Structures are given as structure tokens and as C-alpha cells.
1. Against the condition among the hydrophobic types (A, V, I, L, M, F, W, C), part of a helix (DSSP H, G or I), touching a residue at least 24 places away in the same chain (Cβ under 8 Å) and out of contact with any strand residue (DSSP E or B) (no Cβ under 7 Å at 6 or more places or on another chain), how does LEU102 come out, does it pass?
2. Considering only segment 46-71, how many residues are surrounded by 21 or more Cβ atoms within 10 Å (Cβ to Cβ) and either closer than 30 Å to VAL196 by Cα or in the same structural domain as VAL198 (by TED's automatic domain parsing) (or both)?
3. Looking only at strands (runs of 3 or more DSSP E) that fall completely inside segment 172-290, which ones have 3 or more residues that are more than 20 Å from the chain's Cα centre (by Cα) and either in the same structural domain as PRO115 (by TED's automatic domain parsing) or not hydrophobic (A, V, I, L, M, F, W, C) (or both)?
4. Pairs, please: C-beta under 8 Å, at least 6 apart or cross-chain, first residue under 17 Å from ASP54 (Cβ atoms) and in segment 26-39, second in a helix (DSSP H, G or I)?
5. Which count do you get for residues in segment 114-171 that are among the hydroxyl-bearing types (Ser, Thr, Tyr) and assigned to a helix (DSSP H, G or I)?
6. Of all residues in segment 110-132, count the ones that are crowded, with 18+ Cβ neighbours inside 10 Å and either closer than 16 Å to GLY277 by Cα or in contact with a Ser or Thr (Cβ under 6 Å, 6 or more places away or on another chain) (or both).
7. Please go through segment 194-224 and give me each residue that is β-branched (Val, Ile, Thr) and exposed (fewer than 15 other Cβ atoms within 10 Å of the Cβ), ordered by number.
Amino acid sequence: MEILVFESGSHLNVDALRREFASFAIGATFDLAEARRIGSNADVLVAMAHEVTDELLAAMPKLRWIAALTTGTDHLRGLKNLRSDVIVTSGRGVHGPQMSELAVLYMIALSRRVPEMMRNQLAGKWERWPQPVLLDKTAVIVGVGQIGETLAERLRSFGMKVVGVSDARTEIAGFDKVLPRAKLKETAALADFLIVLVPLNGETRHLIDAQVLDAFKPTAYLINLARGDVVDETALIDRLQAGRIAGAGLDVFAEEPPRKDNPLWTMPNVIMTPRIGGMSDRYAEQVLPLMIHNLRAFSEGRLKDMRNIVQAT
């Protein structure tokens, strides 16, 4: 078994993987030329999905499995050299802690106007105002997978009400109620914070559109940790500029990085982060058990036992 790990070294503990599978040839590099050389005989490619290119895939004729270390794999669907007989798995399930903490950071910082406090600090200005708490506020989580469940657990510790939007399940532990996507607008009207976690596909592109945003209370905040195009960014900017919603915490955007003239950069009620939601100082530790499980199942021919399959042969 030959394996190419194509990443910068911060997302997977390659030495631990080599110790676990001493008989496998595991090469690691983030240099494309070297990756093409190693990959010419590789059965497996381990990489962040968005860093896989058609050029790399063209150099891997023996490839049988791509183990994406990311939750999102939509980038791979756009690659012309991804063969249909190649298994694709994702890193779904390892991002719950860091995504949840970023969501909570947005919620507290936006509602307490922390950016304004920081500007006051730089200006040497002493100004106080009542500080909102999360207690009894309602969080609507759109897309209830493992990240959503982890987030709900955190939010309940603050005394919040948690409502899910999902077509897959009608009852989920830790949620006060779960409503179908067909009721998204009326569910959005309940939210003090609406957190977007759905994957991007044909059904979810601009899922959060003008109609959904118009259902928000003027005191409500939008938090997008999913993909930029799940939200109609033009409609969002319009509602923010008009004061129709209170603000937004955005980790993803329609264009990344956003253009310099994008109004979101300078809005006082918007917090922007550079797509860091899935990042963690413990990422290599978090993803290793999943990688070990799947590699053992794959090498033993137990393909049905592999986790997080998003493309099967």
C-alpha cells in the first residue's frame, strides 16, 4: 500500500500514521512536483480537499481513495480528473469543538459590541452600556450534523433555547425542537442568532436568501460557518446596510478573500474572519483516529466499514 499525504504538516500526524502502519509506504510533501513523483504509484491521497488539483490527480493513475481532511468536499466535485471509481471520504465529525467555539465567540462579541469596545480602547475612550447575556436567547441552527449537535450542547450550557432546521430528523437530543427546511422562514423569525452549518450543494445555494433574511427580527444576528454561497451575500449586505438585521459573523464568503471594495469589510456590525472555523491547534490529533480507522478498513477490503464516504465506487 502506497500513500501520499499532500499537506503542509499541520493537519495530520504523519509519524503517528507511519508507526500505526509500518508496512505501508507513506510519503508526505506539500511540494507539487514531489507530490506528483510520489503519487505516481500511490493508492491513497490524503489532503485538504480544496488543495487537491487536476494536475495532481492526473499524476496518480493508481489512485483508489481520496481521504479529505476537511468536512467540505465540494471542491473535488469540480475537478475533471476525479474518476468515478475513486472513493472519497471527508473529515466530518472532527470540527465540532472549534466550530462551536467560533460561533460562541461571534455571539458574545456581536451582542456585547466588542468591536466597538476595541475601537474605544484604541481611542482611549471610556464608554459603558448594558451588556446582553445569552441566557434565554434562541439559537437557530440550520444544518444539524455532528457540528450542530456539539454546538447545541455548548449553547444549552449558557441557558439558551436551541432550535434545529433539518429534513433528516424531527427530534434531536439537546434541541428544544427541530423543524423542516420548508419552515425555514418561520424558524428564522424565532432566532436571536441564526447559525448556518449546511454543506453547499444545488439545494442549499442561497438557502439564506432575501425572504429568509426579511423574516429576521431586527435584533437578530446571522452567523455563517458553512460556505459563502449558502447565503445570498448581496441580500445580506442590503439588509445590514438598511438596519434590517442587527449584524453578522462571517467566516466564509461568496468570493474568498472578499474584494477590497466589499462593504462587509467596513461595517461596524460585522465580524469577519478568514475561514478559520475548522482550524484548531489540535487538528492533527483530532483527525488521526478517523484516518487510522478508515485506512485499516480500506487496506483490509472492508469498504463498507469506512466512515464519511461521500463518493463510493
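1. For LEU102, the condition - among the hydrophobic types (A, V, I, L, M, F, W, C), part of a helix (DSSP H, G or I), touching a residue at least 24 places away in the same chain (Cβ under 8 Å) and out of contact with any strand residue (DSSP E or B) (no Cβ under 7 Å at 6 or more places or on another chain) - is met.
2. Going through segment 46-71 one residue at a time, the tally reaches 11.
3. Once the strands (runs of 3 or more DSSP E) in segment 172-290 are filtered for at least 3 residues that are more than 20 Å from the chain's Cα centre (by Cα) and either in the same structural domain as PRO115 (by TED's automatic domain parsing) or not hydrophobic (A, V, I, L, M, F, W, C) (or both), what remains is 177-179.
4. So the pair list comes out as LEU32/GLU55; LEU32/LEU56; ALA35/LEU56; ARG36/GLU55; ARG36/LEU56; GLY39/LEU56.
5. 1
6. Residues that pass the stated criteria total 0.
7. Within segment 194-224, just THR219 meets the criteria.
Matching residues to (1) of a type in the set (A, V, I, L, M, F, W, C); (2) more than 24 Å from the chain's Cα centre (by Cα); (3) closer than 18 Å to MET306 by Cβ; (4) at pLDDT 95 or above:
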residue: GLU55; (1), (2), (3), (4): no, yes, no, yes
residue: LYS62; (1), (2), (3), (4): no, yes, no, yes
residue: THR71; (1), (2), (3), (4): no, no, yes, no
residue: GLY78; (1), (2), (3), (4): no, no, no, no
residue: ARG83; (1), (2), (3), (4): no, yes, yes, yes
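The values are calculated or read from the model by the stated rules, or taken from the named source; none is laboratory data. What you see is a predicted model, and the numbers here were worked out from it, not measured in a lab. Here Cβ is always computed from backbone atoms with ideal geometry, including for glycine, and neighbour counts include all displayed protein chains.
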